Amino acid sequence: MSASSGFKKIGKISLIVGLLLGAVGGWWFWKMYYQGNIRTKNQEPEILYVRTGSTVEEVKQLLIDRDFIEDQASFDLTAKTKKFDSVKPGRYRIRNGMTNRELINMLQAGLQEPVKFTFNNVHTKEQLVSRVSGKLEIDSATFLDQLENDAFISQYGFDQHSIMTLFIPNTYEFYWNTSVEQFMERMAKEYKAFWTEERKAKAKKMDKTQSECIILASIVQSEQGRFADEQATIAGLYINRLNKGMKLQSDPTVIYAIGDFTIQRVRNDDLDYDSPYNTYKNEGLPPGPILLPEPEAVDAVLNYKRSDYIYMCAEFGTGRHKFTADYDQHLKNAKAYQTALNKKGIK
């Protein structure tokens, strides 16, 4: 074999090897960037929570523990190529068939999915904190501490009792890693949006602050949460009592003061419970809401129905109330209601 022939043969072999290496390299490039490498159970999307302060290594281990990564080698090579050295906290939706590149881009850019949640039927700070921390990364103990921190809540213009009037029940969207401060700023923004010039003018005409209107609405809704058409009448009745200097004498305020929301029947002994929220013992409105009232209940207060009613009594079995301005008639209504409770054995 001549030297030239040998060189040609070597050249052909080198070319073939080069092509093979190029093909392997191209296959690896394709596998890293374009082949689906993320698998989920039953091929359904799954949620991955990345806590604030998590490192890339911790997130990688979390992905491994959840069996999301099919080929670890290709994922590690992609992570190295893309300089995957930082990750943003959040709530991420992991889709079956995602590529390494898609997953890493999502975690690096913080392309998380927001949380949608509603808070209603909330009576206390503890209940609110539990509801929020159950949906967001917010630590419940930290949040509760802040709601009882005078320096923190004063910046929003409230005290430890009235701070609960800041929260307007509705359906909201938040990022999962929202902080306490960010949550409060959002709630303050929603509060300001709710209190339009029209609503503020109505409150002023009633000679009531915005918080006082919400506190009264919390009592109104607690008295009647089933039939909204009665709420404006109940609000008007309580306005009459306030204007006459009469105590509100609302049973739900006693239940709130005691803190047992399973109570079905308020007894005479309960009426002596010592608390600023007990409107049988104290004149005027309690210092804070006994419930986070729905916007409709607040509007019922702002648009209260004028009447001469100063007494009301629940009507057993209907969910409605009987209203009157006559005390003797009220006693008859109350006796009928107590008799019905006794017959049903409601303690």
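Descriptive notes on the structure:
- Counting only helices (runs of 4 or more DSSP H) wholly contained in the range 210-279, the ones carrying 2 or more residues that are over 27 Å from the mean Cα position of the chain (by Cα) occupy 231-243.
- Every residue from the range 253-269 that is under 14 Å from Cys313 (Cβ atoms) and touching an Asp or Glu at 6+ places or on another chain (Cβ under 8 Å): Val266
- Flag not set for Thr165, criterion: buried (at least 19 other Cβ atoms within 10 Å of the Cβ), in contact (Cβ under 8 Å) with a residue 60 or more places away in the chain, in contact with a strand residue (DSSP E or B) (Cβ under 7 Å, 6 or more places away or on another chain) and part of a helix (DSSP H, G or I).
- Meets criteria (aromatic (Phe, Trp, Tyr), over 29 Å from Asn120 (Cα atoms) and modelled with pLDDT of 95 or more) for Tyr304: no
- Restricting Gln221, Gln210, Gln160, Gln231 to those that are within 25 Å of Pro252 (Cα to Cα) and in contact with a Ser or Thr (Cβ under 9 Å, 6 or more places away or on another chain) reduces the list to Gln210.
- The residue that is surrounded by the most Cβ atoms within 10 Å (Cβ to Cβ), counting only those in the range 226-252 that are under 20 Å from Phe316 (Cβ atoms) and free of Cβ contacts under 8 Å to residues at least 60 places away in the same chain, is Ser250.
- Tyr337 vs. criteria in contact with a strand residue (DSSP E or B) (Cβ under 9 Å, 6 or more places away or on another chain), surrounded by 15 or more Cβ atoms within 10 Å (Cβ to Cβ) and in a helix (DSSP H, G or I): yes
- Residue check, Tyr49 in a strand (DSSP E or B) and touching a helix residue (DSSP H, G or I) at 6+ places or on another chain (Cβ under 7 Å): no
- Filtered by the rule that a residue be at pLDDT below 90 and charged (D, E, K, R), the range 29-51 gives a lone residue, Lys31.
The values are calculated or read from the model by the stated rules, or taken from the named source; none is laboratory data. Computed from a predicted model, the values in this text were never measured in an experiment. Cβ: placed from backbone, ideal geometry, glycine included. Neighbour counts: every protein chain shown.
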